[in-house]
Amino acid sequence: KRNQKSMKKFGIFILAISSQLIFAQANRFVYQVTMKLDSTNRTDIKTETANLDITSEKSIFYGEKRLQRDSLLKRSFETKSFNFDRSQMENLRSNIDFVVEKDSKTGTKNFKSRIGRDNYLYTEDRAMDWKILPETAKIGDYKTQKAETNFAGRTWFAWFTTDIPFQDGPYKFSGLPGLIVKLEDSKSDFSFDLKEAKKINAIATFEERGSTITLKRTDFIKQEKKFKEDPSAVMAANSGRGGNRNQPSPQERKDRETRMKEEAKKKNNPIELQ
């Protein structure tokens, strides 16, 4: 009996350790993101890959190109070799130019993005209320159930699976009784489709070059709007905070402003309408 008790205790100990190892590992869920960013040209469909890295404590959602771009910059800084192919950096420009970090214990969602040369962070201040619907579907290998929510001016439909025990999903979406496998808005402007799931050693981390400005979401939106209207003025106003930076020539500045304004015109259908 004593041996049986010892074996039982040992079994519980091994189970506890193995559970810790499972949760100590990180999980990466790879999504295909489809975006119609220009409401005047709905045939112009942008497609990118994004990752949702999850541990037992937090998650991070980001574009794959952001990770590649960050790795390239990191290598150039470490080797002090700044003569890398600029066209390579240009090819890694992404429409998913933000990072969303969620804290599973506190429920906090932090949104990080750049405006011009500056890093910004705000904490999402709006609740996400889901209505779970009776409709079910088999998506890939997963049994899923449909849910609906209204968020940031759009109606969203999600298909989640309880087969994956993370109450998380792409972008700012979370709070369902399982992982979101598919997500799309009612106008089919944006969709997120799970393509791959795998174990990784650790979640992605990004080096923030320079300081990060923390502000309210409403103030971030104001700053973003100001930048779209006059990018050069905002960059000139903020240039003093960055220390010694190589200042572009007047012609380079003019070309950049023209390009930024053209890009802003074509990005008139953001994921958040309100």
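The values are calculated or read from the model by the stated rules, or taken from the named source; none is laboratory data. Computed from a prediction, not measured in an experiment: that's the story for all the values here. Because the Cβ atoms are built from the backbone with ideal geometry, glycine has one as well, and the counts that use them run over all protein chains shown. Surface accessibility is based on the protein's heavy atoms, side chains included, excluding ligands, DNA and RNA. Shrake-Rupley method; radii C 1.70, N 1.55, O 1.52, S 1.80 Å.
Overall, the anisotropy analysis places region 160-220 in the oblate class: the square-rooted eigenvalues a ≥ b ≥ c of its C-alpha gyration tensor yield a/c not less than 1.5, with a/b not exceeding b/c. Accessible area of Thr258 (1.4 Å probe, protein heavy atoms only, ligands and nucleic acids ignored): about 80 Å². Segment Ala127..Ile213, full-extension length gain: 28.6 nm, with 0.36 nm per residue of separation and the alpha-carbon distance subtracted. Averaged over its residues, region 123-211 has an accessible area of 51 Å² per residue, based on protein heavy atoms and a 1.4 Å probe. The overall shape of region 118-274, judged from the alpha-carbon gyration tensor, is prolate: a/c is not under 1.5, and a/b is greater than b/c.
Region 111-171 and region 200-233 have Cα centres lying 21 Å from one another. In summary, the convex hull built on the alpha carbon positions of region 105-199 has an orientation-averaged projected area of 7.8 nm². Legend: calculated FRET efficiency, Ser186 to Ser113, from the Cβ-Cβ distance at R0 = 25 Å, rounded to 0.05, equals 0.50. Set against the 2.2 N^0.38 Å expectation for a compact globular protein, region 106-146 has a Cα radius of gyration ratio of 1.91.
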